[in-house]
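Accompanying notes for the structure given below.
The values are calculated or read from the model by the stated rules, or taken from the named source; none is laboratory data. No experiment lies behind these values; they were computed from the predicted model shown. Positions of Cβ are generated from backbone atoms using ideal geometry, with glycine treated the same way; all protein chains shown enter the neighbour counts. When the accessible area is computed, the model is the full protein with side chains, heavy atoms only, and any ligands, DNA or RNA have been set aside. Shrake-Rupley method; radii C 1.70, N 1.55, O 1.52, S 1.80 Å.
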Amino acid sequence: MTHHCTKFSGHWKIIVYDEECFQGRHHEFTSECCNVMDFGFESVRSLRVHSGAWVGYEHPLYQGQQLVLECGDYPQCDAFGGNNAYHIERMTSFRPISCANHRESRMTIYEKENYLGCKGELSDDYPSLQAMGWGNTEVGSMRVHSGAFVCYQYPGFHGFQYIMECDRHAGEYKYFREFGSHCQTPQIQSIRRIQQ
């Protein structure tokens, strides 16, 4: 059996369990995993993030709904990412977010794709882009200059999540479909920095 996990030399540690409430089989990871089935798991039902920030995916090969996973306990699927608008039944791939830097995160958002239209500079957490003066419920493109952010479909950090990193796509997200494999709309109404 071949394991397709790339080794990182970082400070990441996550323990995944095949049953809720940290029961059943478990495995510790310090690097990315493109498919937990390679380790004999059907899915991840609970997990503990001991160090680093991670992004989990609903499907193998980093596809489907994205879920930010910061230090803490996640006793069941409902707790993954705190997402109120999209319930997932499983998580089957995950990787560390190596560029997460809460103190020095900076990005530019654009109203339209291809970096066109109005733009806004962000370096903080924004529970409502409209409350900060963004005149639209959509973000068509963005540049992440430093750090990593999680963008949410709705205000108050709810809805679909899109993880934006300065070291993925060279920080360039020219079209909204580059936000994630599950992205169907450029609707983004809240954004926060990812903590390491």
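General remarks:
- Put simply, when 67-78, 152-163, 122-133 are sorted by average Cβ atoms within 10 angstrom per residue, most first, you get 152-163, 67-78, 122-133.
- Annotation: the antiparallel percentage among DSSP beta bridges lying fully within the chain is about 100.
- Size of electric dipole in segment 98-196: Cβ of Lys, Arg +1 and of Asp, Glu -1, about Cα centre, debye, nearest 20: 20
- Rolling a 1.4 Å probe over the protein heavy atoms of segment 90-189, with every protein chain left in place, gives an accessible area that is 46 percent carbon and sulfur.
- Kirkwood hydrodynamic radius computed over the chain comes to 16.8 Å, based on all pairs of distinct alpha carbons.
- Magnitude of the charge dipole, segment 11-85, Cβ model with Lys/Arg +1 and Asp/Glu -1, debye to 20: 140
- Shape of segment 102-163, Cα gyration tensor, a/c cut at 1.5: rounded
- Prolate/oblate/rounded call for segment 83-196, Cα gyration tensor, a/c under 1.5 rounded: rounded
- For the chain, accessible area per residue (1.4 Å probe, heavy atoms of protein chains only), Å²: 46
- Scattering curve values for segment 13-118, log₁₀ I(q)/I(0), Debye with Cα scatterers, q = 0.18, 0.20, 0.21 Å⁻¹: -0.83, -0.98, -1.05
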